[in-house]
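Undergrad: My structure is below; once you've seen it, I'll send some questions.
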Ligand SMILES: NC(=O)c1ccc[n+]([C@@H]2O[C@H](COP(=O)([O-])OP(=O)(O)OC[C@H]3O[C@@H](n4cnc5c(N)ncnc54)[C@H](OP(=O)(O)O)[C@@H]3O)[C@@H](O)[C@H]2O)c1
């Protein structure tokens, strides 16, 4: 009777014969190593590609955010024209962009809804930077042609170097889509999207004719992936990001590559809209944020604006999107509960 080891070696012999007959080799043969080597080689190339990308992005971030405009390769705004036009310019990020561009020597046209705040901001800019200013009172929830014609009347003869589409509104507190008033959703679209469409369409033909100019569109990190409980805000910011990238591509590969269209998608910045009173590494002051973001104009057509926000974006990209969506939902739900509790106490 054959032993167990006899039948095993008989089985191995038959298997080797079968493999040789079918033109294949046994797993012990060296030719079986070829696929492994190929896999290792391809894996190595992919790993090297990602390491290269990571190192390149890190060096770029250091160059852009740590060494200022002379090293970053950002555009010289004075070569683009005389005026910067900033919407939502009396507070927060918009005011900071206006102040930083005035420091660069550009004349500033401020557009916002409160006349007294516009006059005050214009006065501060003139005193601090010694540049000329203009103000236009406009409530961007108003979408009529008459209102936009009024803006066009002031802007039509200006040599506009930079347009900053900054004006924006968000939810007054995180809320489910259907429980938030439809009027507020519509205002959000009109202020965040309609204004930007009209302003770009108004200003870019002049830039095209002069073959120079930059458009900076302020979106939000909430526009990069869907944000539950801030649904229409996030959606409006996704519109801004998508439109900016599309128009930037048209320009880059079209006939007028000298015009820049950049989209900025910040995380939290210390402003009224964010409702955060204390700044930190991750929640910068608006002027610091604007300085950093201006260093990237002409370098990147999409930026999170400053180093800490680029780092937050990189960290989020490492997490599967369904996980980050749940985390953000839970954080905003907690904020909603806190808001409702506080409001109940106040009433
Ligand atoms: N702060 C953040 O954490 C953050 C993060 C991501 C994205 N963003 C975006 O950054 C932009 C600026 O936000 P912010 O935080 O700087 O806001 P903010 O401090 O509240 O300032 C908003 C500015 O827009 C003006 N404005 C508001 N509603 C207007 C309207 N209907 N018509 C005309 N002007 C109006 C305000 O003028 P009045 O003072 O007269 O109201 C003010 O000058 C927004 O697009 C926002 O979505 C902000």
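We did not get these values from a lab; they are worked out from the coordinates using the rules stated. Only a predicted model underlies this, so the values are computations on that prediction, with no experimental measurement involved. Neighbour counts run over all protein chains shown; Cβ positions are idealised from the backbone, glycine included.
Undergrad: What are the equivalent ellipsoid semi-axes of the range 76-195, built from the alpha-carbon gyration tensor (square roots of five times its eigenvalues), in whole angstrom, biggest first? Don't skip to the end; give the middle numbers.
TA: Values: eigenvalues 157, 49, 32 Å².
Equivalent-ellipsoid dimensions as semi-axes: 28, 16, 13 Å.
Undergrad: How many nm separate the modelled label positions at residue 41 and residue 345, each set 7 Å beyond the Cα in the direction of the Cβ?
TA: So the label points at residue 41 and residue 345 sit 6.7 nm apart.
Undergrad: What FRET efficiency comes out for the pair residue 52/residue 252, r = Cβ-Cβ distance, R0 = 25 Å, nearest 0.05?
TA: Numbers: r = 23 Å, r/R0 = 0.93.
So, using R0 = 25 Å, E works out to roughly 0.60.
Undergrad: May I ask you to derive the FRET efficiency for residue 144 and residue 272 from their Cβ-Cβ distance with R0 = 30 Å, giving the value to the nearest 0.05?
TA: Values: r = 27 Å, r/R0 = 0.89.
Efficiency computed from Cβ-Cβ geometry: 0.65.
Undergrad: For the range 75-132, what does the alpha-carbon gyration tensor say about shape, rounded, prolate or oblate, given a ≥ b ≥ c as the root eigenvalues, a/c under 1.5 as rounded, and a/b over b/c as prolate?
TA: Numbers: a/c = 2.06, a/b = 1.59, b/c = 1.29.
Since a/c reaches 1.5 and a/b is larger than b/c, the shape of the range 75-132 is classed as prolate.
Undergrad: What whole-number distance in Å separates the alpha-carbon centres of the range 98-164 and the range 327-347?
TA: 36 Å
Undergrad: Per-residue ellipticity at 222 nm for the chain, helices alone: DSSP H runs ≥ 4 residues times -39500 (n - 2.57), over residue total, nearest 500 deg cm²/dmol? Let's see the in-between values first.
TA: Numbers: 12 runs with 186 residues, N = 347.
Result for the chain: -17500 deg cm²/dmol, rounded to the nearest 500.
Undergrad: Along each of the three principal axes of the Cα atoms of the chain, give the extent in whole Å, ordering the values from largest to smallest.
TA: 106, 55, 37
Undergrad: Compute the acute angle (0 to 90°) between the alpha-carbon long axis of helix 33-66 and the principal axis of greatest extent of the alpha-carbon atoms of the chain; round to the nearest 10°.
TA: 20 degrees
Undergrad: Give the angle, between 0 and 90 degrees and rounded to the nearest 10, that separates the Cα long axis of helix 115-129 from the longest principal axis of the Cα atoms of the chain.
TA: 80 degrees
Undergrad: Output the 0 to 90 degree angle, nearest 10, between the alpha-carbon long axis of helix 145-155 and the longest principal axis computed from the alpha carbons of the chain.
TA: 80 degrees
Undergrad: Counting only C-alpha contacts under 8 Å and six or more residues apart, can you give the relative contact order of the chain as a whole percent? Let's see the in-between values first.
TA: On the way: 507 pairs, mean separation 55.3, N = 347.
Reported as a whole number, the value is 16 percent.
Undergrad: Two decimals is fine: what is log10 I(q)/I(0) at q = 0.24 Å⁻¹ for the range 156-259, from a Debye sum with one equal scatterer on every Cα and no solvent?
TA: Treating every Cα as an identical point scatterer, log10 I(q)/I(0) equals -1.23.
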